[in-house]
Amino acid sequence: MVRWKDAHELDMGALIELVDSFVTSVKEGRTEIYNEFSLQHELGIFLRSKLLNYKVQFERNVTYFFPSKASFTKREIDLSVFSADKNELKYAIELKFPRNGKYPEEMYSFCIDVAFAEELNAAGFAAAGLAVFVDDRLFYEGSTKGIYDYFRGGKPLHGRIQKPTGSKDSNVFVRGHYSINWKPISGLLKYELVEVEGPPVS
């Protein structure tokens, strides 16, 4: 019998392979992404072509899967993969492809999405994560002060993260430990899949 953690690791490994395969299609010019909507659309189509026995849906509210659980950091899931009867919640994927600078704000948004993915994993999705695509070097190069250290300096993303700009009146807690290792695609375009760490086996 496969333990929960083993099952999670199998699902997460499969998700990593799927995203890597999608990235290969981008590298080879078979798929074009140019903003966040195109990323969501093209990755969704790609997953549908690979996961024929599952539904792949966009922007599903968390209450569709968890009607009795109201405490989530966000309400909408960018990409959800699940069985038709919802007995198997396979993947929950948050997506980011920022194109308008605002580096510290976008990085804080990355942290929020990681925390949300952790919540979705804990609630019942076998695997969850955040796929980030960037084509601006300032997301992965430059000062490593403050929040930049997680995305430019290699500091593991973990713990209480304070909003870095504006009134700085909000924060988010990231339970796991995640190292951001940007992987090249072409030119300035790089990506990272932050895979959520599953809860321990009892």
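Filtering segment 80-102 to residues that are closer than 17 Å to Gln57 by Cα, without any contact (Cβ under 8 Å) to a residue 24 or more places away in the chain and polar (S, T, N, Q) leaves only Asn87. Among the residues making up segment 164-192, those that are outside any strand (DSSP E or B), farther than 18 Å from Phe72 by Cα and of a type outside the set (Val, Ile, Thr) are Pro164, Gly166, Ser167, Lys168, Asp169, Ser179, Asn181, Trp182, Gly187, Leu188.
From the list Tyr103, Tyr108, Tyr91, the one residue that fits, being at pLDDT 95 or above, in contact with a Leu (Cβ under 7 Å, 6 or more places away or on another chain) and surrounded by 17 or more Cβ atoms within 10 Å (Cβ to Cβ), is Tyr91.
Annotation: of all residues in segment 45-83 being under 19 Å from Leu18 (Cβ atoms) and among the aromatic types (Phe, Trp, Tyr), the one that is nearest to the chain's Cα centre (by Cα) is Phe58. Would you confirm whether any residue within segment 60-73 is touching a strand residue (DSSP E or B) at 6+ places or on another chain (Cβ under 7 Å), closer than 21 Å to Leu15 by Cα and either at pLDDT below 95 or surrounded by fewer than 12 Cβ atoms within 10 Å (Cβ to Cβ) (or both)? Scanning segment 60-73 turns up no residue that is touching a strand residue (DSSP E or B) at 6+ places or on another chain (Cβ under 7 Å), closer than 21 Å to Leu15 by Cα and either at pLDDT below 95 or surrounded by fewer than 12 Cβ atoms within 10 Å (Cβ to Cβ) (or both).
Within segment 84-123, the only residue that satisfies the criterion of being among the basic types (Lys, Arg) and within 10 Å of the chain's Cα centre (by Cα) is Lys96. Conditions first: (1) buried (at least 17 other Cβ atoms within 10 Å of the Cβ); (2) touching a strand residue (DSSP E or B) at 6+ places or on another chain (Cβ under 7 Å); (3) modelled with pLDDT of 95 or more. Lys55 passes all but one, so which condition is the exception? Answer for Lys55: the failing condition is (1).
Does segment 128-140 contain at least one residue that is surrounded by fewer than 16 Cβ atoms within 10 Å (Cβ to Cβ), free of Cβ contacts under 8 Å to residues at least 60 places away in the same chain and closer than 25 Å to Pro184 by Cβ?
yes
Of all the criteria given as (1) within 18 Å of Glu105 (Cα to Cα); (2) free of Cβ contacts under 8 Å to residues at least 12 places away in the same chain, the one not satisfied by Ile161 is (2). Taking the listed residues Glu42, Glu17, Glu9, Glu32, the one that is assigned to a helix (DSSP H, G or I), modelled with pLDDT of 95 or more and of a type in the set (D, E, K, R) is Glu42, with no other qualifying.
The values are calculated or read from the model by the stated rules, or taken from the named source; none is laboratory data. None of these values were measured; they are calculated from a predicted model. FYI the Cβ positions are ideal-geometry reconstructions off the backbone, even for glycines, and counts take in every protein chain you see.
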